[in-house]
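Q: Please read through the structure below; I'll follow up with questions.
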Amino acid sequence: MFEHVDAYAGDPIFSLVEQFMKDPREDKVNLTIGFYFDEDGKVPNFSSVDKAKVWAADNPPASPVYLPMDGLPDYRVAVKSLAFGDALPLVDSRLASTQSLGGSGALKVGADLLKRYFPDSELWVSDPTWENHHSIFKGAGVKVNTYRYYNPQTKMLDFSGMLEDLNQLPEKAIVLLHPCCHNPTGIDLTNEQWQQVVDVIKQRNLLAFFDMAYQGFGFGLNEDTQAIKLMAESGQPFLLAQSFSKIFSLYSERVGALYVVCESPETADTIQGQLKFTVRTNYSTPPSFGARLVNHVLASDALTDEWKTELEAMRERMHTMRQQLVAKLGELRPDVDFSYLAAQVGMFSYTGFSPEQIRRLKDEFGVYLIASGRMCVAGLNTRNLDATAKAFAAVC
Ligand code: PMP
């Protein structure tokens, strides 16, 4: 019966992590998977979220029935304020939204919805992008193409190439954008550049789909939503996927949201119904635990302040590690320009290392990067930073 089924090659990042775990070297360094690791190399629990867990244990839901298809109503209200900040009044009346199974679930529900109502539209993603963007949209039957983004020669953004490509797209083409902390490159647009992108999207009547998995990891919760605010101001309809996996350290609870900013309250009403239908035909209704935790934190000023302080500490730590790595590399290899690493933002950096350099880093030094040369900056800490810098310097 199943003889014809192909073997799944496995996810290359998860396979690499397995290899890392089996590596007996004590000084090995894991810069592969996109987890936020703290100074001790642990994926932390937020103390604000721990308090919400205590509350949740003491206050179980009155009845263990299904949540609505589009999720916990209070949660949907709380998280939209976070996503849109002070731009919320610009979109609130024409907003449809649903709780989602993390950012991936938001992308999948959005992709299914778009495939159904824009069957001829294709998707354009940055070259490169998070690999799963390709898989999720292809899985939904949407053809995926790329627009220029990273210039391997300069190791910087190819902004003119990006604009040129977006300027060629047909009406209603879907454009996937990372509003902050681009995965995998760590290269973000300036506010002026975002404005130009928003102008092209509006002029050409394109459909932007923002994927925000790292809000607060770049410059701050508010600063990281500038692109979304500019889009909201433009009046052009767009989609937004939001993930709480990293910024609440709730990876396994699968918490996120999908927003569709429509042209009118009436269309938003219709889209709200279609979001419910899309969820119903995928997994019927979402789980409640993670959403209750996030909602509880955001409903309390004290817990929200505590969470923001914890998030800020993560952002600062990653920023410090990045700067220290670049400073150390500058001492070890003054002949090589590593300033591009310092200019990158968030949890990831594109090192620009070749497959051979990446192989040497792993085999000779026990420093693990993924094949594209992406480094998870959060894997650095004060104990492994010098060894990592020495290994990088040695393979250059
Ligand atoms: N989008 C991007 C750009 C990501 O990096 C990730 C997580 N790696 C996701 C979406 C998915 O988030 P989640 O784990 O919440 O599904």
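FYI, it's all coordinate maths here, none of it is from the lab. Here the structure is a predicted model, which means the values were calculated and not measured. Backbone-built Cβ (ideal geometry, glycine too); neighbour counts: all protein chains shown.
Q: Need the full-extension length gain, E39 to A299, defined as separation in residues times 0.36 nm minus the C-alpha distance. One decimal, nm.
A: Values: separation 260, 0.36 × 260 = 93.60 nm, distance 2.94 nm.
The span from E39 to A299 would gain 90.7 nm if fully extended.
Q: Here's another thing I want to ask about it. Short version: ³J(HN,Hα) in whole Hz for each residue of segment 173-184, in order, from phi by Karplus 6.51 cos²θ - 1.76 cosθ + 1.60 (θ = phi - 60°), x for Gly and Pro, what are they?
A: Each residue of segment 173-184 in turn: 5, 9, 10, 7, 10, 9, x, 7, 6, 3, 10, x Hz.
Q: Around K143, under 12 Å between beta carbons, what's the net of Lys plus Arg minus Asp minus Glu among the other residues? Provide the component values of the computation, followed by the final result.
A: Values: positive: K115, K138; negative: D120, E122.
Here the charged neighbours net out to 0.
Q: Applying the Karplus parametrisation 6.51 cos²θ - 1.76 cosθ + 1.60 with θ = phi - 60° to the phi angles of segment 4-21, what ³J(HN,Hα) value in whole Hz is obtained for each residue in order, glycine and proline being reported as x?
A: 7, 6, 6, 6, 7, 5, x, 7, x, 6, 5, 5, 5, 4, 4, 4, 4, 4
Q: Using Cα atoms only, what is the angle between the long axis of helix 47-58 and the major principal axis of the chain, expressed in degrees (0 to 90) to the nearest 10?
A: The angle comes out at about 40 degrees.
Q: Oh, and also: Relative to the longest principal axis of the chain, what angle (0 to 90°, nearest 10) does the C-alpha long axis of helix 289-299 take?
A: The angle comes out near 90 degrees.
Q: Sticking with this one: Can you compute the FRET efficiency between S63 and E26 using 1/(1 + (r/R0)^6), with r the Cβ-Cβ distance and R0 = 45 Å? Round to the nearest 0.05.
A: Numbers: r = 51 Å, r/R0 = 1.14.
Rounded to the nearest 0.05, the efficiency is 0.30.
Q: Over 31 Å, how big is the tail of the calculated P(r) for segment 66-299, in percent of all Cα pairs?
A: Numbers: 3912 of 27261 pairs.
Tail fraction, whole percent: 14.
Q: For Y150, list long-range residues whose amide hydrogen, built 1.01 Å from N in the peptide plane, is under 5 Å from its own amide hydrogen.
A: D127, D158
Q: Grab the alpha carbons of segment 81-215, take their convex hull, and tell me the volume per residue in Å³. Provide the component values of the computation, followed by the final result.
A: Numbers: hull volume 15.9 nm³, N = 135.
Cα convex hull per residue, to the nearest whole number: 118 Å³.
Q: Are there GluC sites (Glu not before Pro) in segment 163-257 that DSSP puts in a loop and that have at most 14 other Cβ atoms within 10 Å, and which ones? Write out the running numbers ahead of the final one.
A: Numbers: sites: E164, E171, E192, E223, E233, E253; in loops: E171.
Those satisfying the criteria are E171.
Q: If I model a spin label at T146 and S234 as a point 7 Å from the Cα along the Cα→Cβ vector, what separation in nanometres do I get?
A: Placing both labels 7 Å beyond Cα along the Cβ direction yields 2.3 nm.
Q: When you count, for each residue, the other Cβ atoms within 10 Å and take the mean per peptide, how do 334-345, 175-186, 14-25 rank with the highest first? Don't skip to the end; give the middle numbers.
A: Working: 334-345: 15.7, 175-186: 25.1, 14-25: 11.8.
Descending packing order for the listed peptides: 175-186, 334-345, 14-25.
Q: Then there's this: Sorted from largest down, what three extents in whole angstroms do the Cα atoms of the chain have along their principal axes?
A: 61, 56, 55
Q: Once you have the alpha carbon radius of gyration of segment 195-269, what is it after dividing by 2.2 N^0.38 Å, with N set to its residue count? If you can, show how the numbers build up before the last one.
A: Details: Rg = 13.7 Å, N = 75, 2.2 N^0.38 = 11.3 Å.
Against the empirical 2.2 N^0.38 Å value, I get 1.21 for segment 195-269.
Q: With a ≥ b ≥ c taken as the square roots of the eigenvalues of the C-alpha gyration tensor of segment 1-131, please select rounded if a/c is under 1.5 and otherwise prolate if a/b is larger than b/c or oblate if it is not?
A: Oblate is the answer for segment 1-131, as a/c is 1.5 or above yet b/c matches or exceeds a/b.
Q: Name the long-range amide H neighbours of W124: under 5 Å, sequence gap of 5 or more, or other chain; modelled H, no Pro or chain starts.
A: Sorted by chain and number, the residues that satisfy this are N145, I174, V175, L176.
Q: Could you list which residues have their amide H under 5 Å from that of V367, counting only those 5 or more apart in sequence or on another chain, with H placed in the peptide plane?
A: Under 5 Å from the amide H of V367: V29, K362.
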